[in-house]
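First the structure, in the form of structure tokens, and then the observations on it.
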Amino acid sequence: MKHGIIILVFASLVGLLGASQTDYTWHLPKGFPMPVVPQDNPMTEAKVELGRYLFYDKKLSGNGSQSCSSCHLQELAFTDGLKTPVGSTGEVLIRNSPSLTNVAYNATLTWANPVLTDLERHILVPMFAEFPVELGMTSKETEILSRFKEDALYQELFSQAYPAAADPVTIQNIVLALTSFTRTLISGNSPYDQFVYQKNYDALTDSAKRGMDLFFSERTECHHCHGGFNFTHSVIHQNNVQFVEMSFHNTGLYNLDGQGSYPLGNRGLFEISGKDSDMGMFRAPSLRNVALTAPYLHDGSAQTLEEVIRFYEAGGRVITEGEYAGDGRQNPYKSGFVQGISLTDQERQDLVAFLESLTDTEFLTNPAFSDPFR
Amino acid sequence: MKHISILLLSLIFGLSLAQETITLNFAARVGDQMAACGQTYDGLGTMNSSVEFQDLRFYVSNVRLMNAAGEEIPLELAQDGMWQYEDVALLDFEDGSALCAQSGNAATNSVVTGTVPAGDYTGLVFTLGVPFSLNHNDVTTAPAPLNISSMWWSWQGGYKHIRIDLMSHSAMTMDTMDKSETSEDGEAESSNHGNTAMSGFWPIHLGSTGCASEASAIAPTTKCSTPNTFEVRLDSFDLNNDTVVADVASLLTNVDVSQSLELMPPGCMSGPQDPDCKVLFENLGLTAGSQALFKVGQ
């Protein structure tokens, strides 16, 4: 009888593991909600580990010159410090490399695509995009897969991650592992988090505290688009699946023709929908680790945080000469929250100090996110 | 054992007999028109502005039904995991379309459901807004419908009890003829064009103010000096046939929504000194008189 019970318990435990297929333990920061994970790609330690190797491996690009980490460097909060990145074949991309900080919580992926909501589908963009080429995997799939099949290290990693598969080295399994790894890139131990969630009221400087009150005030309106635990309203997690918000805005960066136009190829949601009112609409990005992710904006056209703040102070950007000349302040599609603010030098410094308090040094040095080949 | 079962059954049966399920219908209107995203409503406020909605949501709480004896009997809200939590419900008339895409989402709700002891009820009372006990929670971990970041300010400020974002154009500047005529003189035209579009953003965010805490990211422990919630009393309300109507035209009576007197913030964000809030607060009965937003309709 006793043995029977033990066997029964053991069998049901195995059954549970088999059914949910997850053995991954989230180490979420205090105050953070549980991310949404697709049912057909449950988190496992083995997939996350495989994904980490793949993320840092140049074998993943068509010509072997780039990895995901070429444009997403851990020490820069998984950005690259460039205005816009250069793909594996030398083509210059049109938009700034977005940070992967807390990407598991993004309601939509990339800078401006309301229908790209899953990492599993999004990751096909850097892998297979042709205009412009990023990793350049298109039509090189067989060659790329054979690089991993012939590598003893990857034979082991793939079979650990997909123990039931006869031939686990597939593009689909690469996608599932890469997304599993990127979902673990969670940052929530900045001085701000220590102050707010860990109740360590010494964590913020007086200047950062003043900046925080300004940030959340109706005077600056920053929080209307960059609010919530991830400093963007574009979030999805297990506590808000009923009311997912997307948060795309035109902030008055350009106005090429007096009718609100943004530069060709960089017109935001307009390029997806074709609707005039979507001109210049881009996703409000998270501001976590923002001090490390310069240059800023969807096209990397602002060098410093102070420059970004000054542009919001002006209520838009005026470009006086060159092909992008125009008064962005008068863009007819500009968000109503970007009206211009008058800040003192001290207040501007305080806002910068607050944004700097969103830097999570543990995230930038966490060995679990680092290059396994180093 | 058998006796207990019978006792339990009869208790449950007895209780279910004594309770009735109530559905209260709400509607958002502009005068006699339904209020919805993507439509333009003319003749609003002191400047006869043409207005489009960019958001249209509000919280109600502490819903009570009045019986003939004048007693107020609490409606126990159904805990549906979506629109109602404890004694708070969200009424949501924006569907995320047109301008409402900026802060909204597709889901909408126009009912409050719950149970009361069976009886004759002739009136309805509720509080507009989120009660202090729930108002300063963390939106990230709060249950629905208190999990919507665009309906939340910060721990200190709490939720937006009402969010009605308007995009308005005064009758004069809406005139497209006017635009095309002036388009010949280049710069001046483009500047007018832009100003017209921008000055039209007129959000109404009603929330508590005077909530003292050490910082915006810390919840207050004592009640806010100006909660900006108010009681709505509909003395004669037929549960079967009547609808609670939020009439945005009444709310905007004598309000100038063609421009913000104080540019930042635009519209009224509940600032006690914001001149754009003055008449609005009177129309909500917060500073004088009684509220004019809600009335009984069909």
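Nothing in this text is a laboratory measurement; each read-out follows from the coordinates by a stated rule. Quick caveat: nothing in here was measured; it's all calculated off a predicted structure. We place every Cβ from the backbone using ideal geometry, glycine too, and count neighbours over all the protein chains shown.
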### Query
Between A:Gln303 and A:Lys59, what is the FRET efficiency for a Förster distance of 30 Å, r being their Cβ-Cβ separation, to the nearest 0.05?
0.30
### Task
Among DSSP beta bridges whose residues both lie in the protein assembly as shown, state the antiparallel percentage, nearest 5.
90 percent
### Summary
For B:Gly96, the residues 5 or more places away or on another chain with a placed amide H closer than 5 Å to its own amide H are B:Asn105
### Task
Report, in degrees rounded to the nearest 10, the 0 to 90 angle that the Cα long axis of helix A:345-356 makes with the longest principal axis of chain A.
10 degrees
### Task
Would you mind ranking B:Ser290, A:Ser273 so that the residue whose beta carbon has the fewest other beta carbons within 10 Å leads the list?
B:Ser290, A:Ser273
### Query
Residues of segment B:84-125 with amide nitrogen under 12 Å from the 7 Å Cα-to-Cβ point of B:Ser133?
B:86-88
### Task
Just add up the charged neighbours of A:Phe282: K/R +1, D/E -1, any other residue whose Cβ is under 13 Å from the Cβ of A:Phe282.
+1
#### Entry: For B:His205, A:His298, order by how many other beta-carbon atoms lie within 10 Å, fewest first
A:His298, B:His205
### Task
May I ask you to evaluate 6.51 cos²θ - 1.76 cosθ + 1.60, the Karplus curve with θ = phi - 60°, for each residue of segment B:259-267 and list the ³J(HN,Hα) values in order in whole Hz, giving x for glycine and proline?
7, 9, 4, 10, 5, 10, x, x, x
### Förster-model FRET efficiency, 51 Å R0, A:Glu91 and B:Gln273, C-beta, rounded to 0.05
0.40
### Query
Taking the alpha-carbon centroid of each part, what is the distance from segment A:200-253 to segment A:22-84 in angstrom?
24 Å
#### Entry: segment A:164-197 versus segment A:311-374: alpha-carbon centroid distance in Å
27 Å
### Summary
If the label point sits 7 Å along Cα→Cβ of A:Arg219, residues of segment B:252-270 with amide N under 20 Å come out as B:260-270
### GNM result for chain A, Cα springs below 10 Å: residue of A:Ser217, A:Ser357, A:Ser67 fluctuating most strongly
A:Ser217
### Task
Just add up the charged neighbours of B:Gly114: K/R +1, D/E -1, any other residue whose Cβ is under 13 Å from the Cβ of B:Gly114.
-4
### Task
Measure off 7 Å from each Cα along the Cα-to-Cβ vector at B:Asn240 and B:Ser225, then give the distance between these two points in nanometres to one decimal.
5.1 nm
### Message
What whole-number distance in Å separates the alpha-carbon centres of segment A:95-115 and segment B:92-156?
### Response
28 Å
### Task
Show that you can apply the helix-only estimate: for the protein assembly as shown, add -39,500 (n - 2.57) for every DSSP H stretch of four or more residues, divide by all residues, and state [θ] at 222 nm to the nearest 500.
-7500 deg cm²/dmol
### Task
Take the Cα of A:Thr205, step 7 Å along the line toward its Cβ, and report every residue of segment A:299-331 whose backbone nitrogen sits under 19 Å from that point.
A:304-310
### Task
Taking the Cβ of A:Leu54 as the centre, find all other residues whose Cβ is under 13 Å away and add up their charges (Lys, Arg: +1; Asp, Glu: -1).
+1
### Summary
Quick calc: nm separation of the 7 Å Cα→Cβ label points for A:Gln39 and B:Ala106 -> 1.8 nm
### Task
Please label the shape of segment B:20-297 as rounded, prolate or oblate, based on the square roots a ≥ b ≥ c of the eigenvalues of the alpha-carbon gyration tensor (a/c under 1.5 means rounded; beyond that, a/b larger than b/c means prolate, else oblate).
prolate
## Note on the structure
Residues A:Ile171, A:Ile341 in order from fewest to most other beta-carbon atoms within 10 Å are A:Ile171, A:Ile341
### Summary
Once normalised by the length of segment B:210-289, the mean sequence separation of its alpha carbon contacts under 8 Å that are 6 or more apart gives a contact order in percent of 22 percent
### Task
Specify the angular offset, from 0 to 90 degrees and rounded to the nearest 10, of the alpha carbon long axis of helix A:152-161 from the longest principal axis of the alpha carbons in chain A.
90 degrees
### Task
Could you work out how far helix A:305-314 tilts from the main Cα principal axis of chain A, as a 0 to 90 degree angle to the nearest 10?
50 degrees
### Query
Rounded, prolate or oblate: which fits segment A:220-374 when a ≥ b ≥ c are the square roots of the eigenvalues of the alpha-carbon gyration tensor, with rounded for a/c under 1.5 and prolate only if a/b beats b/c?
prolate
## Note on the structure
With a ≥ b ≥ c from the Cα gyration tensor eigenvalues, square-rooted, and the rule rounded for a/c under 1.5, otherwise prolate when a/b > b/c and oblate otherwise, the protein assembly as shown is oblate
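Quick one: work out the % antiparallel among DSSP beta bridges in segment B:20-297, nearest 5.
90 percent
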#### Entry: Rounded FRET efficiency, nearest 0.05, which uses the C-beta distance separating B:Ala68 from B:Leu263 and R0 of 35 Å
0.10
### Task
Tell me the label-point distance for the pair A:Thr170, B:Thr113, using the 7 Å Cα-to-Cβ offset, in nm and rounded to one decimal.
4.2 nm
### Task
Would you please give the residues with an amide H less than 5 Å from that of A:Leu82, counting only those at least 5 places away or on a separate chain, with H modeled from the backbone geometry?
none
### Task
Quote to one decimal, in nm, the extra length available between A:Ala325 and A:Asp151 on full extension: 0.36 nm per residue of separation minus the C-alpha distance between them.
57.4 nm
### Task
List, in order, the whole-Hz ³J(HN,Hα) value for each residue of segment B:142-153 obtained from phi through the Karplus relation with A = 6.51, B = -1.76, C = 1.60 and θ = phi - 60°; use x for Gly and Pro.
5, x, 4, x, 9, 10, 9, 5, 6, 9, 10, 9
